[in-house]
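Have a look at the structure below before the remarks.
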Amino acid sequence: MGVIALGLLTVFAGYTAVYALNDVVDYRVDQEKLKAAGGREKPDYLDAALVRHPLAQGRVSLTEGVLWTVAWAAVALVGAYFLNPVCAYIFVAGCILEAIYCLLLRVSHLRTLVSGLVKTLGGVAAVFAVNPHPAPGFLLLLVLWLFTWEIGGQNIPADWHDVEEDQRLGARTIPVRLGPDRAAALILAALALSVALSVALLTVAPLRFSPLLAGLAVAAGVCLLLLPALRLYRTLDPARAAALFNLASAYPLAMLSLALAALLTVS
């Protein structure tokens, strides 16, 4: 229970710090985006459900934003170190990669690969928090599964949502650089691979899943990832990209719920 409690606090602090770091590094760019969009946000986009980019909107000062980021990063770093010093190194690497990702906005659309790496590091750190010597095969499958989910379900759909503003700013993202057809094809391919990898991951995971729970895990991938991606591929409708982002955001929670159910079944 101690590891779980410290892990939850550390994960919350770590992701809060990384997302805040994104807003700090992208402070000027986000202001330009808001100006290009006329300060409006599409109401059906989950990332804008509360206040998106509060720093750029002036709701938080730059000094407050930096202090907020540093404070949560300090909590995450201490918590990660006590879980496993390796986790602290992983967190620092994630912060550096997130800053690099932001700075590559006008440089290369391949920055999406950096985003994929950042999202996988949280899962990798979680593994090392409970097992100092994880099986390499399991770790590799976990990384690839999270990487493809992030690329297809989060990063490219999010950039699709901002495509008009990004075009005005000269940003280099997958939808801007490759166009909607190829962006949709990449999304569908990445998410198909993610669902396939989830099946492989379930077979090597230390926790055993019953056939029913394994089937539900695959169904979650189909309903939350594949079907929305297929609808986007067929229509190329920006609203479908936002819908995919929203549904894909629920996928990790669905998988966590199934893992907890499997744990309760075993115990």
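Quick note: the coordinates plus some simple rules give every number you see, no bench work behind them. Quick caveat: nothing in here was measured; it's all calculated off a predicted structure.
With every atom except the alpha carbons ignored, what do you get for Rg and Dmax of the range 22-177, in angstroms?
For the range 22-177, the Cα radius of gyration and maximum Cα-Cα distance read 16.9, 51 Å.
Given q = 0.14 Å⁻¹, what are the Debye log10 I(q)/I(0) values for the chain, with equal point scatterers placed on the Cα positions and solvent ignored?
Scattering profile of the chain, log10 relative to I(0): -1.05.
Debye calculation, C-alpha points only, no solvent: report log10 I(q)/I(0) for the range 135-267 at q = 0.17 Å⁻¹, in the same order as the q values.
Debye curve over Cα of the range 135-267, log10 I(q)/I(0) at q = 0.17 Å⁻¹: -0.84.
Short version: ³J(HN,Hα) in whole Hz for each residue of the range 117-129, in order, from phi by Karplus 6.51 cos²θ - 1.76 cosθ + 1.60 (θ = phi - 60°), x for Gly and Pro, what are they?
Rounded to whole hertz, the list is 5, 4, 5, 6, 5, x, x, 5, 4, 4, 5, 5, 5.
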